[in-house]
Amino acid sequence: MLLLFGCVGVACAQQVGSDLRPMDDVNHVVDLTLDSLEKVRTARPVAGSSRRGSNPVLFLVGNSTMRTGTKGNGDNGQWGWGYYAGAYFDASKITVENQALGGTSSRTFYRQLWPDVKAGIRPGDYVVIELGHNDNGPFDSGRCRATIRGTSATDSLVVTLKEGPHKGEQEVVYSYGEYMRRFVRETRALGAHPILMSLTPRHAYVDGQEGRVARVDQTFGLWARQVADELNVPFIDLNDISATKYEQMSAWKFGYHFYLDNIHTSRFGAMLNARSAAEGIAAGTHPELQPLQAMMLPLALPGTGVKRTDGRPVVFITGDSTVKNADRDSTGMWGWGSQAWRVFDEDKITAVNCAQAGRSLRTYLREGRWDKVCNDLQAGDYVLIQFGHNDIGELHRGKHRGELPGVADTSCVSRVTLPDTVYNEVVYSFGWYLRKMIDDCREHGATPIIVSLTPRNEWHDGHIERRNDTYGQWYRDVAEQTGTAFVDLHNITADALDAIGQERARRYYCGDHTHTSLAGARLNALGIAIGLRRAGSPLAEYLKK
């Protein structure tokens, strides 16, 4: 039985018992209006243009959580997971093409963008459909993108659009589930394989359940699953896979996986969602996924290559060239990490020097070096974190390795131009990077220890230079904020060199005022042992007697 009733500008065809109220806009983001199609077509790839020979294409259909803004280049600090999805597929067998666009709902994508995507789809291709974040608000005004809640195949609304480029036109609005059916059926009609995914999680906990991430298992996730079951297509519960990961994090870490608001992800969140999507596909049991799974790359996380001995924890040493250098010529430059064997009892603990010359906290993280350490961490391990010499560089030029000064939870977007790439990067404060590493260690059950930077061979009035008002203070502030053990190597070594005197101190440096000789590396390694004992760190139990 159909009932017709009039609203202002809206005629409705309603199945008895249906709920045609528009869904609330829970995102509270008002700046994601759909760009003009002319502008969109200049930024998004022509559908199918990534195809290599007769290889299939994996098309991504979604909204700003898959591609933020029109360009999707992170120029506002936000990233969609579609940018990173290609990292999990063998490009010699299949290409990944991000056709998503910020601000779209299942309704607006289907009407305005889907025809162009369909033009590029060929038999054997795959189409991932992840929409729903914007299927809310008014039906006929504002962004005119709401769909009818649920999966009804019969409910519809005839609306006259009051705003936007199609103002004055009439449009039939269907349920969310019905739009999903249309994507699926039209994909199959082209000989391709549809995959439905639930939405990415928002930055929200369940009311009254701190630590329990809110899910869409009673709305869009449920409806997408119901359509997938009905039409026998693969369904990946991206929402649950990512939410489960967020629940293992501190509230602070959960927060920085988003940027500027509670729906759009930072680079951290986008990369997490891309991996979750790949993991969901790899673990899927639907027969249609098997050919796609054969075109995926291994999902194993990269590590440091540490070789463990049963019963022994590992101390991972991170830092720059003052920690790891050439470390081979007796007259050349040495980092103190090469001399860790002189202070740590190798029968009790394994020391791994993961430092890299020229790195700041920012670049150590950006290059994935910190991720390799984290991926290898086990409960009971220790991590020494020492940076600072390269963190004073420029934010937006040169090697792009500088950070914001201080310890505040601040950030800015930097345009990075390197010889092999140009991209946008969110840059945080020196203290933020330290807090992130500390938090990551504890998440894995490891113990972080902050180590202040080594002193430079610069002297004033008979005393070696000290940076206790900048980096020295920032280390102390973060240690106090986080309750982390602090080894003040900067002052321990400076005290020793002051006692030795400027002239004799030269032998502890090599080539310039920063890098140490073998003697200097040994002096700093001894300073680590002194600092661990002074700090009362449990790691001191693993020092040589």
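Mean projected area of the Cα convex hull of the range 46-132, taken over all directions, amounts to 5.5 nm². Helix 267-283 and the long axis of the chain differ in direction by around 60°, with both axes built from C-alpha atoms.
Under 20 Å of direct C-alpha separation, and excluding same-chain neighbours fewer than eight residues apart, residue 348 reaches these lysines: 307, 544, 545.
Residue by residue, the range 360-377 carries 3J(HN,Hα) couplings of 9, 3, 4, 6, 4, 6, 4, 7, x, 5, 5, 4, 5, 5, 4, 5, 9, 5 Hz when phi is fed to the Karplus relation 6.51 cos²θ - 1.76 cosθ + 1.60 (θ = phi - 60°); x denotes Gly or Pro. Protection proxy ranking for 68-74, 478-484, using the average of other Cβ atoms within 10 Å per residue and placing the highest first: 68-74, 478-484. Relative to the longest principal axis of the Cα atoms of the chain, the long axis of helix 489-500 makes an angle of roughly 20 degrees. The average projected area of the range 274-356, computed from the convex hull of its Cα atoms over all directions, is 8.9 nm².
Near the amide H of residue 315, within less than 5 Å, lie the amide hydrogens of 350, 351, 352, 382, all on another chain or at least 5 residues away, with H placed in the peptide plane. Put simply, the amide H of residue 195, placed in the peptide plane, has neighbours under 5 Å in 127, 128, 129, leaving out anything fewer than 5 places away on its chain. Averaging the Cα positions of each part gives two centres, and for the range 300-317 and the range 99-126 these lie 45 Å apart.
Under the simplified labelling scheme, the residue 122-residue 345 pair shows an inter-label distance of 6.6 nm, with each label point 7 Å from Cα along Cα→Cβ.
To the nearest 0.05, how large is the calculated FRET efficiency for residue 371 and residue 185 if R₀ is 30 Å and r is the Cβ-Cβ distance?
The formula returns an efficiency of 0.15 here.
Within the range 293-434, the ratio Rg/Rh, alpha carbon atoms throughout and Rh by Kirkwood, equals 1.02. Along each principal axis, taking the top coordinate minus the bottom one, the Cα set of the range 187-313 gives 56, 41, 26 Å in descending order.
Sorted largest first, the principal axis extents computed over the alpha-carbon atoms of the range 450-545 equal 37, 33, 21 Å. Note on the range 54-74 and the range 439-507: Cα centroid distance 45 Å, given to the nearest whole angstrom. Whole-Hz Karplus values for the range 514-524 come out as 10, 7, 9, 7, 4, 5, x, 4, 5, 4, 5 Hz, taken residue by residue from phi with 6.51 cos²θ - 1.76 cosθ + 1.60 and θ = phi - 60°; glycine and proline positions read x.
Available extension along the chain between residue 71 and residue 24 is 14.1 nm, counting 0.36 nm per residue and deducting the alpha carbon span. Taking 20 Å as the straight-line reach from the Cα of residue 167, the lysines in range (excluding those fewer than 8 positions away in the same chain) are 39.
With the simple spin-label model, which puts each label point 7 Å out from Cα in the Cβ direction, the residue 172 to residue 87 separation comes to 4.4 nm. Looking at the square roots a ≥ b ≥ c of the eigenvalues of the Cα gyration tensor of the range 140-206, which shape do they give, rounded for a/c under 1.5, prolate if a/b is larger than b/c, or oblate? Judged from the Cα gyration tensor, the range 140-206 comes out oblate (a/c at least 1.5, b/c at or above a/b).
Distance from a point 7 Å along Cα→Cβ of residue 160 to each backbone N in the range 120-141: keep the residues under 17 Å and list them by number. What the label zone holds, given the 17 Å backbone N cut-off, is 139-141. FRET efficiency for the pair residue 412 and residue 443, taken as 1/(1 + (r/R0)^6) with r the Cβ-Cβ distance and R0 = 22 Å, rounds to 0.25.
Which of rounded, prolate, oblate describes the range 113-253, given a ≥ b ≥ c as roots of the alpha-carbon gyration tensor eigenvalues and a/c under 1.5 marking rounded, otherwise prolate only if a/b is larger than b/c? It is oblate, given that a/c is not under 1.5 and a/b is not larger than b/c.
Could you work out the local net charge near residue 463, counting Lys and Arg as +1, Asp and Glu as -1, over the other residues with Cβ closer than 12 Å to its Cβ? Write down the numbers at each step before the final one.
Details: positive: 466; negative: 458, 461, 465, 495, 498.
Within the 12 Å Cβ shell, the charges total -4.
Karplus-based coupling profile of the range 234-251, in residue order and whole Hz: x, 10, 10, 7, 4, 4, 6, 4, 6, 4, 4, 5, 4, 6, 8, 9, 5, 4, with θ = phi - 60° in 6.51 cos²θ - 1.76 cosθ + 1.60 and x standing for Gly or Pro. From the P(r) of the chain, could you give the percentage of C-alpha pairs in the tail past 36 Å? For the chain, the fraction of Cα-Cα distances above 36 Å is 44 percent. FRET efficiency for the residue 46 to residue 205 pair, using the beta carbon distance and R₀ = 45 Å, is estimated at 0.65.
When the helices of the chain are scored as -39500 (n - 2.57) per DSSP H run of n ≥ 4 and the total is divided over every residue, the value at 222 nm lands at -8000 deg cm²/dmol. The lysines within cross-link reach of residue 245, meaning a Cα-to-Cα straight distance under 17 Å and a gap of 8 or more places when in the same chain, are 253, 436. Using the Cβ atoms and a cut-off under 13 Å, what net charge is assigned to the surroundings of residue 305, where Lys and Arg are +1 and Asp and Glu are -1? Charge balance near residue 305 sits at +3. From the square roots a ≥ b ≥ c of the eigenvalues of the alpha-carbon gyration tensor of the range 362-504, which class results: rounded (a/c under 1.5), prolate (a/b over b/c), or oblate? Oblate is the answer for the range 362-504, as a/c is 1.5 or above yet b/c matches or exceeds a/b.
I need the semi-axes of the equivalent ellipsoid of the range 432-485: take the C-alpha gyration tensor, multiply each eigenvalue by 5, square-root it, list largest first in whole angstrom. Show your work: numbers first, answer last.
On the way: eigenvalues 161, 21, 12 Å².
Each semi-axis is the square root of five times an eigenvalue, giving 28, 10, 8 Å.
Rule-based calculations on the coordinates, nothing more; no lab input. Predicted, not measured: the structure shown is a model, and the values here were computed from it. Here Cβ is always computed from backbone atoms with ideal geometry, including for glycine, and neighbour counts include all displayed protein chains.
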